[in-house]
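S.K.: Take a look at the following structure, please.
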Amino acid sequence: MRPFYAVAALSLVGAIALAGQSAMAQKKKKEPAPEATPVATVTPAIVGPGPDIAIVESETIVEAGGCGVDDPLIKGTIAIKNRGNARAERLLAKPISAVYLPENLDIKDEDIVPNALQPNELFSTDILAGKGAVKDDRGFKGKRKVFIIVDPYNAIHETNESNNVIVREVTFNCK
């Protein structure tokens, strides 16, 4: 007796769904389609004064760390400078920098400080990517590309967004 009710309930659900689709299709036929108006979405570029957060490559150090769970896989220092002529405001909830391996996104480091950078202010932060993650048997042997990014979520509107990423090759030696 129960299988009959189950089949009947499923049939009823299917009929209701089909009826709803049919009614919607008929309604669409009756209403003329509104004319599409082309809309261009453009992110406005900052013209004139504005912040420009950049990685100072000559002062940024990226090197292999250890392979133990408590060791960072990638360590070093990121040097960040506001090369613009306006204060760079930032939300506290968004990281100012990130370091990661693209094929292993759990090996990353994101720093939430500072709150803002004045024009020409230089800031540095330590890199401790992969601390607490298992590294053995994951292919961390040999050369790999490491991405270092400033303002990774584009929270700061800058005059130049093209100087926010550098890539370094690091040689790892894990099992």
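The numbers here are math on the coordinates, done by the rules we state, and not lab data. Note that the structure is a prediction, hence the values are computed from the model and not measured. Ideal geometry is used to build each Cβ from the backbone, glycine not excepted, and the neighbour counts take in all protein chains shown.
S.K.: Please report the net charge: other residues with Cβ closer than 9 Å to the Cβ of Val146, K and R +1, D and E -1. All intermediate terms of the calculation are to be shown ahead of the outcome.
M.R.: Working: positive: Arg144, Lys145, Arg168; negative: Glu169.
In short, +2.
S.K.: A further question follows. Past 22 Å, Cα to Cα: identify those pairs from Lys81/Lys135; Lys108/Lys143; Lys143/Lys175; Lys108/Lys145, in the order given. Could you put the intermediate results ahead of the total?
M.R.: Values: Lys81/Lys135 32 Å; Lys108/Lys143 17 Å; Lys143/Lys175 14 Å; Lys108/Lys145 13 Å.
Cα-Cα > 22 Å for Lys81/Lys135; rest within.
S.K.: How far apart, in nm, are two points set 7 Å out from the Cα along the Cα-to-Cβ line at Asp70 and at Asn120?
M.R.: About 4.5 nm separates the two model spin labels.
S.K.: Further question: What number comes out for the charge environment of Leu122, summing +1 per Lys or Arg and -1 per Asp or Glu over other residues with Cβ under 11 Å away? Present the calculation step by step, with values, prior to reporting the outcome.
M.R.: On the way: positive: Lys81, Arg83; negative: Glu59, Glu121.
Value of the local net charge: 0.
S.K.: Lys and Arg at +1, Asp and Glu at -1: add these up for the other residues within a Cβ distance under 9 Å of Val170 and post the number.
M.R.: On the way: positive: Lys143, Arg144, Lys145, Arg168; negative: Glu63, Glu169.
Once all neighbours under 9 Å are counted, the net charge is +2.
S.K.: Glu57 to Ala133: FRET efficiency via 1/(1 + (r/R0)^6), r the Cβ-Cβ distance, R0 25 Å, to the nearest 0.05? List each step's numbers first, then the result.
M.R.: Working: r = 26 Å, r/R0 = 1.06.
So, using R0 = 25 Å, E works out to roughly 0.40.
S.K.: Can you sort Leu122, Leu128, Leu73 so the residue with the fewest Cβ neighbours within 10 Å comes first? Can you show the working numbers first?
M.R.: Details: Leu122 12, Leu128 17, Leu73 28.
Lowest to highest Cβ neighbour count: Leu122, Leu128, Leu73.
S.K.: Have a look at Asn160, Val134, Asn120 and report the one farthest towards the positive end of the charge dipole of the range 116-175, computed about the Cα centre with Cβ charges (Lys/Arg +1, Asp/Glu -1).
M.R.: So the residue we want is Val134.
S.K.: Report the extension gain between His157 and Lys141 in nm, rounded to one decimal, defined as 0.36 nm multiplied by the number of residues separating them, less their alpha carbon distance.
M.R.: Details: separation 16, 0.36 × 16 = 5.76 nm, distance 3.78 nm.
Roughly 2.0 nm would be gained on extension.
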